[in-house]
Each structure stands twice: as structure tokens, then as C-alpha cells.
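Data block below; observations after.
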Amino acid sequence: MERIRGFEVAKGFEEKNINLPIRKTKYSAGYDIEAAEDCTIPSFKKGMKPTLVKTGLKAYMQDDEYLMLCNRSSNPGKRGLILANSIGIIDKDYYGNPENDGAFMYAFFNVKDEDIQIKKGECIGQAIFQKYFLTDVDNAEGERVGGFGSTAK
């Protein structure tokens, strides 16, 4: 079978019983993403960094695609969880990078007054594969050399 796009368990998570994402209904755009381990997202305080919630997953895709990481629609209202970057973008060349094998995470802030507990296996977000387009004068030839946040390096 030809591999076109999909998810795999990232290195370092092979023995952690990570579930590969699924769509719950026939017309769902997003694949439900689970937390790879228990974690606590502290109540927001000015100046703090977002909490990175591990998924234990990496994604492969076609050259003109990316994976968009979205929050669950219920997270802000029910749990006070918002994505620090509004959405996450996972590029094709993030897959298998030497720094973290392409393992992607969700960056959350908690706007509730109390800490929020995330349990392993809880759905924390959705991931949607998308196409993108290039401008007429595009000439990008750089190569990724790292993992999280490495595009600008």
C-alpha cells in the first residue's frame, strides 16, 4: 500500500500504548488527538510559557500538505484551555527530524482559576490535513535541521 498521509508513533513513545488518531464520524474533518501522558496545565499567570502537551505522534504527508493542529471546541468553555498559538502548523519536513523525530505537541494556556489535569488518552485536540499553495516567485530551498520551533533557524 502506498503511503500518502497518516500518523505514526514517534520514537521514544513506542512502549507507551499510544493510540493512532481516528475520525469519530463519517464527515469529520479532524482526527482526534489524545494526550500521551498525564500532565497538569497550571492556571495562567502573567509571563508564563504555555504548557506543551505531548501526543507521542508524528505525521507524514505529501509535499504540498501540512497538518493543522486545532483545539477541541469544548476546551475553552469547559476546561479553560486555549491554544497559545491559535493553531499549530506541522510541516511535511517536520516528520522524522533529528531533534525529536517529528513528535508534535499542543501548546496550551489555562485561563481557569484552578490547575487542569489532563489524563493519558484524553482527547486534547483535532488534527486536519490541508493543502497549501506557492506564490509565482517562490524559491525556498532551505532544509529543516531541528524540531519544535526550528523553521526560523
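What to note about this one:
- Cβ-Cβ under 6 Å pairs, at least 6 apart or on other chains, the stretch 87-101 side touching a residue at least 24 places away in the same chain (Cβ under 8 Å), far side of a type in the set (Gly, Ala, Ser) and buried (at least 18 other Cβ atoms within 10 Å of the Cβ): Ile90/Ala59; Tyr94/Gly102; Tyr95/Gly102; Gly96/Gly102; Asp101/Ala10
- Any hit, the stretch 17-36, residues being closer than 22 Å to Ile89 by Cα, among the charged types (D, E, K, R) and out of contact with any Asp or Glu (no Cβ under 9 Å at 6 or more places or on another chain): yes
- Residue check for Ile90: in contact with a strand residue (DSSP E or B) (Cβ under 6 Å, 6 or more places away or on another chain), modelled with pLDDT of 95 or more and either in a loop (DSSP other than H, G, I, E, B) or among the basic types (Lys, Arg) (or both): no
- Inside the stretch 94-131, residues that are on the phi < 0 side of the Ramachandran plot and assigned to a loop (DSSP other than H, G, I, E, B) make up a count of 14.
- Within the span defined as the stretch 21-41, one or more residues are without any contact (Cβ under 8 Å) to a residue 60 or more places away in the chain and either within 17 Å of the chain's Cα centre (by Cα) or buried (at least 19 other Cβ atoms within 10 Å of the Cβ) (or both).
- The residues of the stretch 73-93 that are more than 11 Å from the chain's Cα centre (by Cα) and crowded, with 18+ Cβ neighbours inside 10 Å, listed by number, are Asn75, Arg79, Gly80, Leu81, Lys92.
- Condition broken by Pro76, with the remaining ones in (1) more than 15 Å from Ala127 (Cβ to Cβ); (2) assigned to a loop (DSSP other than H, G, I, E, B) satisfied: (2)
- Conditions (1) under 17 Å from Ala35 (Cα atoms); (2) at pLDDT below 95: number failed by Val53: (2)
- Sub-9 Å Cβ pairs linking a first residue in the stretch 43-56 that is more than 30 Å from Tyr95 (Cβ to Cβ) to a second residue that is exposed (fewer than 14 other Cβ atoms within 10 Å of the Cβ) and aliphatic (A, V, I, L, M), at least 6 apart or interchain, are Ser43/Val111; Phe44/Val111, ordered by first then second residue.
- Where a residue in the stretch 113-136 is among the charged types (D, E, K, R) and its partner, wherever it lies, is outside any loop (DSSP other than H, G, I, E, B), with Cβ under 7 Å and at least six apart: Asp113/Ser43; Glu114/Ser43; Asp115/Thr40; Asp115/Ile41; Asp115/Ser43; Glu122/Glu34; Lys131/Glu65
The values are calculated or read from the model by the stated rules, or taken from the named source; none is laboratory data. What you see is a predicted model; the values in this text were computed from it and never measured. Quick reminder, even Gly has a Cβ in these numbers, built from the backbone with ideal geometry, and neighbours come from all protein chains shown.
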